[in-house]
Amino acid sequence: MKRSVYLETTIVGYLAMRDSRDIRVAANQLITREWWTSFRHEFDIFVSQFVIDECNDGDPNAAVERRVFLNGISILDMNEQVELLADKIAKSLQIPAKARIDAFHISIAAVHGLELLLTWNCRHIANPENRPKIEQICRATGCEPPVICTPYELLEAYDD
């Protein structure tokens with residue numbers, strides 16, 4: 001049985017963006033593309049309407065390029081439980097209103113029982129200071145939290 005993974009918007013962004021001249025961004029792009037090319041078939045992949053909306057924002061040509069990576073990916077539903085959990089996460093982590101969607105990414109993955117949340121958002125989501133708080137909040141509301149990781153961390157699991 002395949003493991004389930006929620007792709008946060010930064011993953012799609014790194015897949016679709018033009019090669020960066022910034023060495024860290026370029027490394028993240030290569031790692032993301034390596035995971036996508038070599039290992040995505042080993043997972044059941046999901047996104048939310050939030051990911052789709054974020055991918056549609058900005059430059060129309062870039063949005064078209066991002067949407068290519070969303071073809072055939074299942075979309076998870078929003079519900080009251082997702083909203084309540086996102087509120088708790090946003091308050092606990094003191095996520096500013098303009099970044100509140102980050103709490104929704106976590107919440108949707110947790111409420112729908114996904115095993116992994118793949119992201120390059122290390123400010124609010126894959127932040128080592130936030131992970132224990134996220135896990136505690138999810139469990140307190142009856143949800144098992146997803147393992148939050150970057151593509152680099154996920155690739156390391158395959159490195160033997």
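All of the numbers you see were taken from the coordinates with simple rules; none came from a lab. Nothing here was measured: the structure is a model prediction, and the numbers come from that model. Glycine gets a Cβ as well: all are built from the backbone with ideal geometry, and neighbour counts include every protein chain shown.
When each of H105, H112, H124 is scored by the number of other beta-carbon atoms lying within 10 Å, the sequence from fewest to most is H112, H124, H105. Where only DSSP H runs of four or more residues are counted, the chain gives -15500 deg cm²/dmol as its mean residue ellipticity at 222 nm, each run worth -39500 (n - 2.57). Partners of K2 within straight-line reach, counting lysines whose Cα lies under 21 Å from its Cα and excluding those fewer than 8 residues away in the same chain: none found.
Check the straight Cα-Cα distances from K98 and name the lysines below 20 Å, setting aside those fewer than 8 residues away within the same chain. Leaving aside lysines fewer than 8 places away in the same chain, those within reach of K98 are K88. Pick from D77, D102, D59: which is most flexible by mean-square fluctuation in a GNM of the chain where alpha carbon atoms under 10 Å apart are linked? Of the options given, D59 has the highest mean-square fluctuation. For segment 18-160, the residue among S74, S48, I101 whose Cα projects farthest onto the positive side of the dipole built from Cβ charges is I101. As a proxy for reagent exposure, T10, T32 were ordered by neighbouring Cβ count within 10 angstrom, fewest first; the result is T10, T32.
Spatial offset of segment 121-148 relative to segment 1-43 amounts to 21 Å, using the alpha carbon center of each. For segment 2-58, trypsin sites (Lys or Arg not before Pro) meeting the loop criterion (DSSP other than H, G, I, E, B) and having at most 15 other Cβ atoms within 10 Å: K2, R18, R21.
Near E8, the amide H atoms lying under 5 Å from its own belong to L118; only residues 5 or more places off or on other chains count, and H is placed 1.01 Å from N. Look at the alpha carbon pairs under 8 Å that are at least 6 residues apart: their mean separation over the length of the chain gives a relative contact order of 27 percent. Spin-label pair L30-E65: with each label point 7 Å from Cα along the Cα-Cβ axis, the two points sit 1.9 nm from one another.
Taking Lys and Arg as +1 and Asp and Glu as -1, the other residues whose beta-carbon sits under 10 Å from that of P146 total -3. Farthest towards the positive end of the charge dipole of segment 3-158, among the residues I23, S4, L154, is the Cα of I23, using unit charges on the Cβ of Lys, Arg, Asp and Glu. Rounded to the nearest 20, the size of the Cβ-charge dipole of the chain about its Cα centre is 300 debye, with Lys and Arg at +1 and Asp and Glu at -1. With the charge dipole of segment 30-160 set up from +1 on Lys and Arg Cβ and -1 on Asp and Glu Cβ about the Cα centre, the Cα lying farthest toward the positive end among the listed residues A90, A126, A110 is that of A90.
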